[in-house]
Amino acid sequence: MRLRDTTVLVIAFFAFIIAGFACTSGDSPPDYREIVKRELASGIRNDSLFLGYYFGMKKEEFYTYSWNLNKKEMVMQGPQNTTIEYQLDDNELPHPATMNFYPDFKNNRIFRMRTTFAYNGWAPWNQHLGADSLIYDVKSLMEEWYGNGFLQYDHPHLGLTFKKVDGNREIVITKARDDIEVNVVFTDLTMSEATIREETTS
């Protein structure tokens, strides 16, 4: 066999191996748009959020309910009085942490809940309490609250992203820009102004 023929065979062999690895390695997550279409087509509704909040809760009910939680000292006003603050239980994350949250309303009802998580002990000299590790801890917490099924994506602007859609409820986990907090956004895709938003589907 001539050298040229041998070279061609070797190249073809390695191309076959690489192609096979790419198909079976599982590095590429499923197409997100297809997941959303499938879940919405299922007709399943998952409106539950946390602490008794839910998609479709009326704005007046949200304020009354939050006030009652505050009287029970379960929540308090967040920074600049723009969010509601909840101190997580000691066993929910590896370190003491705070969750801040506030909803978006459509037609006077909750259709999105924006939350942030941060470790209380974060400081420039405590980098292990920053978002790089917190995002994995929050993902584990979300799996405890809502079950497994979070898929990992590499968003061109947001970086490491975990997403899950079960029925109408979408959960998206990302690191905040300050590298301290982790954002978790819950969206009712049947009530959102766009079922698949550009910033969370790439």
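The values are calculated or read from the model by the stated rules, or taken from the named source; none is laboratory data. All figures in this text were calculated on a predicted structure; none of them were measured in a lab. When we count neighbours, we look across all protein chains shown, and the Cβ atoms used for this are built from the backbone with ideal geometry, even at glycine. Areas reflect the complete protein model, heavy atoms only, side chains present, ligands, DNA and RNA absent. Shrake-Rupley method; radii C 1.70, N 1.55, O 1.52, S 1.80 Å.
Here is how the numbers come out for the structure above:
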| item | result |
| --- | --- |
| Identity of the residue in segment 44-86, open to solvent by less than 50 Å² (accessible area, probe 1.4 Å) and among the β-branched types (V, I, T), that ends up farthest from the chain's Cα centre (by Cα) | V75 |
| Count of residues meeting criterion [open to solvent by 30 Å² or more (accessible area, probe 1.4 Å) and under 16 Å from F50 (Cα atoms)] in segment 92-108 | 3 |
| Residues of segment 74-114 classified as more than 28 Å from M191 (Cα to Cα) and in a loop (DSSP other than H, G, I, E, B), total | 10 |
| Condition check for F117: in contact with a Ser or Thr (Cβ under 8 Å, 6 or more places away or on another chain), under 15 Å from S48 (Cα atoms) and touching a residue at least 24 places away in the same chain (Cβ under 8 Å) | no |
| Members of segment 165-187 found to be within 22 Å of R109 (Cα to Cα) and assigned to a strand (DSSP E or B), listed by number | V165, D166, R169, E170, I171, V172, N183, V184, V185, F186, T187 |
| For D154: the one exception among (1) in contact with a strand residue (DSSP E or B) (Cβ under 6 Å, 6 or more places away or on another chain); (2) over 22 Å from S66 (Cβ atoms) | (1) |
| Filter result for M191 (within 11 Å of the chain's Cα centre (by Cα) and more than 22 Å from T82 (Cα to Cα)) | no |
| Filtered residue count, segment 117-134, keeping only those that are surrounded by 21 or more Cβ atoms within 10 Å (Cβ to Cβ) and touching an Asp or Glu at 6+ places or on another chain (Cβ under 7 Å) | 2 |
| Pair list, Cβ under 7 Å, 6 or more apart: segment 148-174 residue free of Cβ contacts under 8 Å to residues at least 24 places away in the same chain, other residue among the aromatic types (F, W, Y) and part of a strand (DSSP E or B) | F150/F162 |
